[in-house]
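The values are calculated or read from the model by the stated rules, or taken from the named source; none is laboratory data. Since the structure is predicted, the reported quantities are computational estimates derived from the model, not experimental observations. Neighbour counts run over all protein chains shown; Cβ positions are idealised from the backbone, glycine included.
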Amino acid sequence: MNFTPFINIHKALDAKMHEFAGYLMPIEYSGIIDEHLTVRNAAGVFDVSHMGEIWVKGPKAFDFVQRMTTNDVAALPIGKIQYSCLPNGKGGIVDDILVYHYEYQKYLLVVNASNLEKDWKWLNDNNTEGAEMDNASEWMAQLAVQGPKATQILQKLTSINLSEIAYYHFTVGDFAGVDEIIISNTGYTGAGGFELYFLPEHAEKIWHAIFEAGKEEGIKPIGLGARDTLRLESGFCLYGNDIDDTTSPIEAGLGWITKFVEGNNFIDRPLFEKQKAEGVSRKLIRFELTDRGIPRHDYDIVNEQGEVIGKVTSGTILPGTKTGIGMGYVATPYATKGTGIFVDIRGKKISGVVK
């Protein structure tokens with residue numbers, strides 16, 4: 001079992017802990033509903049130090065990252081971030097990642113914790129360009145501070161004008177008396193905010209500084225449970241549920257990060273181009289139930305006649321509304337927004353609509 005630098009803080013706060021991606025992680029503190037609504041209405045802090053960070057450097061860095069990822073790295077200036085994915089050579093996705101253009105000939109790849117070992121092997125096995133790579137995951141801690149009050153709270157701790165950091169951009173500077181902090185306008189909640197990257201030795205200092213700065217705004221620690229309900233409400237994919245080695249970015253609605261521009265000869269490009277041109281037989285949808293029920297992973301999605309048209313990949317009850325929401329793959333004719341669908345919950349057809 002691995003531990004993040006915040007393990008003692010989580011235990012002191014009596015967090016409900018559970019294994020996730022080989023780490024003992026906080027699932028909830030005050031409860032998923034309370035934590036979800038805190039992020040939507042104020043601000044919350046997530047320990048996401050389990051995420052993986054891989055540096056790609058040197059004169060071959062651009063060529064390598066451009067070939068390995070579906071987005072167009074040529075359109076990524078220094079200081080900007082791309083959401084992208086690693087195609088697996090068979091039409092599936094090794095992982096969905098963030099690509100930071102850190103400086104000239106230097107990129108930071110932020111990968112899912114559960115895929116770090118797989119990603120590292122995939123990148124090394126396919127590094128025909130000879131790019132320099134460094135798995136820095138053990139030497140990076142990360143906090144996500146999310147919510148409408150996140151900016152005003154964090155601004156108290158840095159001389160950097162946070163309002164000047166555009167969405168999916170980052171800067172490097174001072175924060176809470178520590179230098180060389182990566183401050184990134186990204187997140188996995190749809191609530192706005194920043195993600196902070198720093199050396200583990202500064203972890204507790206930065207945590208306490210954030211909570212001291214945010215106490216009047218009602219800042220709270222948030223666990224992985226609310227992280228999941230927040231990302232589902234915002235329609236963000238979770239690797240292993242909504243995308244995996246068997247799903248293509250075209251099927252998953254990620255055509256916008258799959259750039260068929262001149263010079264972007266990424267792995268699986270011909271296959272994905274064909275899928276875009278000819279269409280696919282299934283598509284990932286977001287849906288909301290109009291009857292009471294909780295959609296669960298792997299439940300059947302059916303049409304009015306009861307015929308199976310797909311599967312739920314992620315589902316939950318939306319905190320604050322008691323509405324069932326979810327994502328899933330369905331036959332393409334049923335993937336249009338506003339289409340009525342049903343989820344088979346223990347033999348009962350529960351009605352819903354594609355969002």
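Filtering the stretch 213-236 down to residues that are of a type outside the set (S, T, N, Q) and touching a His at 6+ places or on another chain (Cβ under 7 Å), which residue is farthest from D34 (Cα to Cα)? If you could, list the steps in order and put the result at the bottom.
Restricting attention to the stretch 213-236, the residues satisfying the condition of being of a type outside the set (S, T, N, Q) are 213-228, 230-233, 235-236.
Restricting the remaining residues to those that are touching a His at 6+ places or on another chain (Cβ under 7 Å) gives 226, 230.
Working: A226: 9, L230: 12 Å.
Among them, the one singled out is L230.
Examine the stretch 217-224 for a residue that is more than 23 Å from the chain's Cα centre (by Cα) and without any contact (Cβ under 8 Å) to a residue 24 or more places away in the chain, and state whether such a residue exists. Give the derivation first.
Residues of the stretch 217-224 that are more than 23 Å from the chain's Cα centre (by Cα), as a first pass: 217-218.
Remaining after also requiring without any contact (Cβ under 8 Å) to a residue 24 or more places away in the chain: none.
No, there is no match, as no residue in the stretch 217-224 is more than 23 Å from the chain's Cα centre (by Cα) and without any contact (Cβ under 8 Å) to a residue 24 or more places away in the chain.
Among the residues of the stretch 123-134, what is the count of those that are under 22 Å from the mean Cα position of the chain (by Cα) and either β-branched (V, I, T) or surrounded by fewer than 18 Cβ atoms within 10 Å (Cβ to Cβ) (or both)? Working first, answer last.
Quick first cut of the stretch 123-134, residues under 22 Å from the mean Cα position of the chain (by Cα) only: 123, 134.
Those left that are additionally either β-branched (V, I, T) or surrounded by fewer than 18 Cβ atoms within 10 Å (Cβ to Cβ) (or both): 134.
Of the residues in that region, 1 qualify.
Quick check on this structure: which one of K349, K276, K322, K311 is surrounded by fewer than 13 Cβ atoms within 10 Å (Cβ to Cβ) and either touching a residue at least 24 places away in the same chain (Cβ under 8 Å) or under 26 Å from the mean Cα position of the chain (by Cα) (or both)?
That would be K322, the only listed residue that is surrounded by fewer than 13 Cβ atoms within 10 Å (Cβ to Cβ) and either touching a residue at least 24 places away in the same chain (Cβ under 8 Å) or under 26 Å from the mean Cα position of the chain (by Cα) (or both).
Being in contact with a helix residue (DSSP H, G or I) (Cβ under 8 Å, 6 or more places away or on another chain) and either modelled with pLDDT under 95 or farther than 20 Å from A335 by Cα (or both) is the filter here; which residues of the stretch 262-281 pass it?
G263, N264, N265, F266, I267
Residue by residue through the stretch 204-240, note down the ones that are in a helix (DSSP H, G or I) and touching a Gly at 6+ places or on another chain (Cβ under 8 Å). Quick ask: steps written out before the conclusion?
Quick first cut of the stretch 204-240, residues in a helix (DSSP H, G or I) only: 204-217, 224-234.
Hits for the stretch 204-240 are K205, A209, A226, L230, R231, L232, E233, S234.
Restricting to the stretch 134-144, name every residue that is outside any strand (DSSP E or B) and among the hydrophobic types (A, V, I, L, M, F, W, C). Quick ask: steps written out before the conclusion?
Pass one, the stretch 134-144, residues outside any strand (DSSP E or B): 136-140.
If the condition is that a residue be outside any strand (DSSP E or B) and among the hydrophobic types (A, V, I, L, M, F, W, C), then A136, W139, M140 are the ones that fit.
Yes or no: S84 hydroxyl-bearing (S, T, Y) and assigned to a loop (DSSP other than H, G, I, E, B)? Working first, answer last.
Numbers: hydroxyl-bearing (S, T, Y): yes; assigned to a loop (DSSP other than H, G, I, E, B): no.
For S84, the condition - hydroxyl-bearing (S, T, Y) and assigned to a loop (DSSP other than H, G, I, E, B) - is not met.
Are there any pairs, at least 6 apart or on different chains, whose C-beta atoms fall under 7 Å, with the first in the stretch 37-62 and closer than 15 Å to L196 by Cβ and the second among the basic types (K, R) and in a helix (DSSP H, G or I), and if so, which?
Filtered contacts from the stretch 37-62: F46/R227.
Being assigned to a loop (DSSP other than H, G, I, E, B) and either in the same structural domain as L98 (by TED's automatic domain parsing) or aromatic (F, W, Y) (or both) is the filter; apply it to the stretch 145-181 and report the residue that is surrounded by the fewest Cβ atoms within 10 Å (Cβ to Cβ). Spell out how you get there, then give the answer.
Of the stretch 145-181, the ones assigned to a loop (DSSP other than H, G, I, E, B) are 147-149, 156-161, 165-168, 176-177.
Restricting the remaining residues to those that are either in the same structural domain as L98 (by TED's automatic domain parsing) or aromatic (F, W, Y) (or both) gives 167-168.
Values: Y167: 9, Y168: 15.
By that ranking, first place goes to Y167.
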